[in-house]
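One structure is given below, encoded as structure tokens.
The values are calculated or read from the model by the stated rules, or taken from the named source; none is laboratory data. This structure is a prediction, so every number in the text was calculated from the model and none was measured. Neighbour counts run over all protein chains shown; Cβ positions are idealised from the backbone, glycine included. For the accessible areas, the whole protein counts, side chains as well, though only heavy atoms, and no ligand, DNA or RNA atoms are used. Shrake-Rupley method; radii C 1.70, N 1.55, O 1.52, S 1.80 Å.
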Amino acid sequence: MTSSPQARKPQHQAYKLGIIIGLVSLAVLLLPDYDNFHARGPMNSGHDTIKCESCHQDAPGSYRQQIQANLRYALGLRKH
């Protein structure tokens, strides 16, 4: 059972739109006028000798559970 090209046209248009939005976003972030979105200056003092993982630990739960917890926190349905 194969679907006709007409049935998949909206899907192809959505892919094209997503690629266009991604490329435009990337181009905007790389423009010199948008430097304020980039990290400036040197790394925090003392951080050049340690690895990111020493402070930034993986959160427990799956990605779905983490997204749900963050959303509930943002909506005020969770204290932390």
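Could you point to the residue in 45, 32, 71 farthest towards the positive end of the chain's charge dipole, with +1 and -1 charges on the Cβ of Lys/Arg and Asp/Glu respectively?
Result: 71, furthest along the dipole toward the positive end.
Using a probe of 1.4 angstrom, how much of the accessible area of the chain is carbon and sulfur, in percent?
Of the solvent-accessible surface of the chain, carbon and sulfur hold 61 percent.
Å³ per residue of the Cα convex hull, for the chain?
252 Å³
How much net charge surrounds residue 59 when only other residues with a Cβ under 15 Å from its Cβ are counted (Lys, Arg +1; Asp, Glu -1)?
Computed value for this residue: +1.
I want the local charge near residue 27. Using Cβ-Cβ distances under 15 Å, sum +1 for each Lys or Arg and -1 for each Asp or Glu among the other residues.
My count for the surroundings of residue 27 gives -2.
Per DSSP H run of at least 4 residues, take -39500 (n - 2.57); add these up for the chain, divide by its residues and hand me the 222 nm value, nearest 500 deg cm²/dmol.
One gets -16000 deg cm²/dmol as the mean residue ellipticity at 222 nm.
Longest span of the chain, sites excluded, free of trypsin sites (Lys or Arg not before Pro) in DSSP loop with at most 16 other C-beta atoms within 10 Å?
1-39
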